[in-house]
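Rule-based calculations on the coordinates, nothing more; no lab input. All values derive from a computational prediction rather than experimental measurement. Positions of Cβ are generated from backbone atoms using ideal geometry, with glycine treated the same way; all protein chains shown enter the neighbour counts.
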Amino acid sequence: PLCAANVDNEWIPSCPTHSKPVVGIKFDTLQQGISFYENYARLSGFDTRLYSTKKRKSDGKISLKYCVCNKEGFRETPRLQSNYNKKRPLTRMECNTRITLKLINDQDNYIIFSFHEGHTHPLTTPNSAHHTKRSRNLTLAHKNTSWIIVMQILELLNPTD
């Protein structure tokens, strides 16, 4: 189900029809809409991130919420700094895949206002889906264990005695 077809230099995800966003689908809350898109992304082989938000001036309610592929945009080259030595891998691919959730004015519901499906990059295969960022959740036990190991290594490198 995570396979995609390359059409017009865009990768189109293959996923169950009931999981695919369609303009006009209505959600009771903004969080339900975001969760729906995150589930679609997981089934399709990509990660998401929350992008921009627009609020109404009258009451401060979120009127538009943009959720994008985590490879949306591009990373600018870092400013030259004397202490900048770490080279990070390129993760942004100028992907235009996004969904826009819009508040329905007379209700507190949200609808899918717009949806762009095509990606500028291949998607994750089923065999490597566990490598996506959302799938790599560390439990508190793992985080604590990692921190202890780091502290032990630092202590070995810089003994206080």
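Fully extended, how many nm does the chain gain between N9 and D106 (0.36 nm per residue separation, minus their Cα-Cα distance)?
Length gained between N9 and D106: 30.9 nm.
Between I62 and T120, what length comes free when the chain is fully extended (0.36 nm per residue of separation minus the Cα-Cα distance, one decimal in nm)?
Here the answer is 18.0 nm.
How much length is gained on full extension from F113 to Y51, taking 0.36 nm per residue of separation minus their Cα-Cα distance?
Taking 0.36 nm per residue and subtracting the Cα distance, the gain is 20.8 nm.
Can you pull out the trypsin sites (Lys or Arg not before Pro) in region 20-67 whose DSSP state is coil and whose Cβ has at most 13 other Cβ atoms within 10 Å?
R56, K57, K61
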